[in-house]
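Inspection log for the structure reproduced underneath, given as structure tokens.
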Amino acid sequence: MTEDANIRSLENTVRRDFRQAMSYGDYLRLDLVLSAQQPLSDPPRHDELLFIIQHQTSELWLKLMLHELRAVREQLRTDQLNPALKGLARVKHIQHTLIEQWGVLTTLTPSEYAQFRSYLQSSSGFQSWQYRAIEFILGNKNPEMLQVFDHDPETHALLTALYEEPTVYDEFLRFLHRLGHDIPPDVLDRDVRVAWHLHPDLVPTFSRIYEHSLEFWQEYEGCEALVDVEDNFQLWRFRHLKTVERIIGSKSGTGGSSGVPFLRRALDLTFFPELYAVRADIGT
């Protein structure tokens, strides 16, 4: 019998019977994943599924990013820079995916969103605890954010732990100190619960690394990897801002914020200010 040229026949070794074996769907628990989309609009609105999937997939990527950043922090603590750089490279790819995802949501027009927005009630992306966890581990620590999760003891405890623990940047600076770089004692012994702010005394240390990059190549590479992560984070914030502005304009957020003005203020937040300040210091 002649095989249809547009059909790929299954090879004899391809498994067909999964009654006694694990399948792809079993391993990924697709029964749970694909049943997690439960639109609330009544009558059902076509575009609510887009909105739900956009945010659920973002949360999955945030879960992986937090997983990687925890590992990076531990690797820096134990002087394993190369694995830490690999982890940061993966984080950057995750960030690129999250940034590009906003393009899908921008296909949602204001009138389409208005059809189901009321069903969100007081829920808002502002309440994403994984996003807050990533901000905390990178250095944007704000105790007011913990209050948003008072209703959820388990999540509150997880965020409180991250709030009280050193950040990725703290561990990077301690790593530099162990390599012999001049890191001020007040930085090494700082209260890690406090949001990071610019430490001018650190800038000369980074200037030395950048101006002698061949001598301090691994440190230099670590600095630039952190700058990449911050740049991507700011791009994500900006795309979020512009997407919200495009869809709801000047309306307030469902979680009670002012909406676009509140998101715009986040663009002024920084994780690693010395790594930007050093740019003005090099060559002067």
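The values are calculated or read from the model by the stated rules, or taken from the named source; none is laboratory data. Owing to the predicted nature of the structure, the values given are computational and were not obtained by experimental measurement. Backbone-built Cβ (ideal geometry, glycine too); neighbour counts: all protein chains shown. Just so you know, the surface numbers come from the protein's heavy atoms only, side chains and all, with ligands and any DNA or RNA stripped out. Shrake-Rupley method; radii C 1.70, N 1.55, O 1.52, S 1.80 Å.
Rounded to the nearest 20 debye, the dipole size of the stretch 8-65 about its Cα centre is 300 debye, using +1 on the Cβ of Lys and Arg and -1 on the Cβ of Asp and Glu.
To the nearest ten degrees, helix 81-105 and the longest principal axis of the Cα atoms of the chain are 50 degrees apart. Pairs of lysine in the chain with Cα under 24 Å and at least 8 positions apart or on different chains: total? Lysine pair count for the chain: 7.
The apolar share of the surface of the stretch 227-278, taken as the fraction of accessible area on carbon and sulfur atoms (1.4 Å probe, ligands and nucleic acids excluded), comes to 58 percent. When the chain is treated as a GNM with alpha-carbon contacts under 10 Å, the residue of Val148, Val229, Val192 showing the greatest mean-square fluctuation is Val148. Is the stretch 142-284 rounded, prolate or oblate when judged by the Cα gyration tensor, a ≥ b ≥ c being the square roots of its eigenvalues, rounded requiring a/c under 1.5 and prolate requiring a/b larger than b/c? Verdict is oblate for the stretch 142-284.
Taking GluC sites (Glu not before Pro) across the stretch 181-252, the ones in a DSSP loop with at most 14 further Cβ atoms lying within 10 angstrom of their Cβ are Glu215. Among Val244, Leu108, Leu138, which residue has its Cα furthest toward the positive end of the charge dipole of the chain, with +1 on Lys/Arg Cβ and -1 on Asp/Glu Cβ? Positive-end residue among those listed: Leu108. The long axis of helix 153-164 is offset from the longest Cα principal axis of the chain by roughly 30 degrees.
Every helix of 4 or more DSSP H residues in the chain counts as -39500 (n - 2.57), and over all residues that averages to -18000 deg cm²/dmol at 222 nm. About its Cα centre, the dipole of the chain is roughly 680 debye, where the only charges are +1 on Lys and Arg Cβ and -1 on Asp and Glu Cβ. Compared with the dominant principal axis of the Cα atoms in the chain, helix 48-77 is inclined by about 30°.
Once the gyration tensor of the Cα atoms in the stretch 102-156 is diagonalised, the equivalent ellipsoid follows with semi-axes of 28, 16, 8 Å, ordered largest first. The share of accessible area on the stretch 1-92 that comes from carbon and sulfur is 55 percent, using a 1.4 angstrom probe. For the chain, modelled as a GNM whose springs connect Cα atoms under 10 angstrom apart, the maximal fluctuation among Leu269, Leu62, Leu76 occurs at Leu269. Extents of the stretch 66-137, taken as max minus min of Cα coordinates on every principal axis and listed largest first, are 53, 24, 12 Å.
At 1.4 Å probe size, with every protein chain present, just tell me what the per residue accessible area of the chain comes to in Å². Mind dumping the intermediate values first?
Working: 16510 Å² over 284 residues.
So the chain comes to 58 Å² accessible per residue, rounded to a whole number.
For the stretch 229-284, which trypsin sites (Lys or Arg not before Pro) pass both filters: DSSP loop (anything but H, G, I, E, B) and at most 12 other C-beta atoms within 10 Å?
Working: sites: Arg237, Arg239, Lys242, Arg246, Lys251, Arg264, Arg265, Arg279; in loops: Lys251.
Counting only loop positions with at most 12 other Cβ atoms within 10 Å, none of the trypsin sites (Lys or Arg not before Pro) in the stretch 229-284 qualifies.
For the chain, compute Rh as the Kirkwood radius over C-alpha pairs and then the Stokes-Einstein diffusion coefficient at 4 °C and 1.567 mPa s; write the answer in µm²/s, rounded to an integer. Using the Kirkwood radius from Cα pairs, D works out to 59 µm²/s.
Each Lys or Arg adds one and each Asp or Glu subtracts one; over the other residues with Cβ under 13 Å from the Cβ of Leu267, this totals +1. Legend: Rg and Dmax of the stretch 43-99, from Cα coordinates, 15.7, 57 Å. When +1 charges are put on Lys and Arg Cβ atoms and -1 charges on Asp and Glu Cβ atoms, the dipole computed for the stretch 62-122 relative to its Cα centre reaches about 200 debye.
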